[in-house]
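Inspection log for the structure reproduced underneath, given as structure tokens.
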Amino acid sequence: MTTTHDDWPLGETFASSSGAVRWAALGPADAPPVVLVHGTPFSSYVWRGIAGALAREHRVYVWDLPGYGASEMRSGQDVTLAAQARVLTELLAHWGLDGRDGRDLPAVVAHDFGGCVALRAHLLHEARYERLAVVDPVALAPWGSPTYRLLGAHAEVFAQLPAALHEALVREYVGSASHRGLHPAVLDRLVAPWCTEAGRPAFYRQIEQNDQRFTDEIQGRYGELALPVLVCWGTEDTWIPVARGHELAELIPGAELRLIEGAGHLVQEDAPAELTAELGRFLNAGPRTGH
């Protein structure tokens, strides 16, 4: 299996509090900023098509969370959802998107547990966004599939799997996020970072370190959100059922809920055109205010 990242180059590096983060910015430098946040066990690669489309009218920032993709993976690394929220806050300051220099605040689009990361950064670290879109986010308890909980509870055992069995497990797990089925080359690309010498233990590390307490700490505060919020959900998501989308939208004042028919958890792969259309409409709706 190839482990090259040449097909999705993240040419910049930021030294975050949880390790080196690889990132890139696409689109005109003076265009309205949009920050994309991926989830687990993925990388910013899942945003490649949507990022390219949005970059026609926006400055789009993509990054691999510490412990994921092309970013640093190492023993003892803090890759909890709490740490990732701090890193997002640090990145916004590094990019000049924290509102301190008069630039536009960013819109943030976050998938899976990237949703929790973005929500924690906003609610706990005072990260300011112009608007927020969450796509099949980890936001409401209980969460974590039976497989996810099994891997987290026995990470030290699974980490001892031979490389071939580990790769088979990761391929099956990643593939299950799609309802329509992933193109073989896309599946290869998403699995590859987890099949290196550093990536194999990193896969189990990130699962072992995350649990429901990170959403429990903020779930009661969703009513405080005072910015435009879009909730997108794949109707065929088997990882987090669509009923959670309805529940989350009810908890956030004024939130829009948009269902993406026929899409599983990886909406970016199952229905990229539909998701791009919803995000484009939301990002371009109304004046930019900032919160």
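The values are calculated or read from the model by the stated rules, or taken from the named source; none is laboratory data. Remember, it's a predicted structure, so these values are computed and weren't measured experimentally. Positions of Cβ are generated from backbone atoms using ideal geometry, with glycine treated the same way; all protein chains shown enter the neighbour counts.
You will find that of D64, D7, the residue that is within 22 Å of L124 (Cα to Cα) and among the charged types (D, E, K, R) is D64 and no other.
Given the condition surrounded by 20 or more Cβ atoms within 10 Å (Cβ to Cβ) and out of contact with any Gly (no Cβ under 9 Å at 6 or more places or on another chain), answer yes or no: does some residue in segment 206-213 qualify? No, because not a single residue in segment 206-213 is surrounded by 20 or more Cβ atoms within 10 Å (Cβ to Cβ) and out of contact with any Gly (no Cβ under 9 Å at 6 or more places or on another chain).
Within this structure, L124 passes the test of being surrounded by fewer than 18 Cβ atoms within 10 Å (Cβ to Cβ) and not acidic (D, E). In the set (1) within 16 Å of the chain's Cα centre (by Cα); (2) modelled with pLDDT of 95 or more; (3) not small (G, A, S), the condition left unmet by R221 is number (1).
Is it the case that S145 is of a type outside the set (V, I, T), within 24 Å of A118 (Cβ to Cβ), surrounded by fewer than 17 Cβ atoms within 10 Å (Cβ to Cβ) and in contact (Cβ under 8 Å) with a residue 40 or more places away in the chain? In short, yes.
Please specify each residue of segment 24-42 satisfying the condition of being under 9 Å from the mean Cα position of the chain (by Cα) and either acidic (D, E) or more than 11 Å from D112 (Cα to Cα) (or both). Matches in segment 24-42: L36 only. Across segment 223-250, the number of residues qualifying as without any contact (Cβ under 8 Å) to a residue 60 or more places away in the chain and either in contact with a strand residue (DSSP E or B) (Cβ under 8 Å, 6 or more places away or on another chain) or aliphatic (A, V, I, L, M) (or both) comes to 5.
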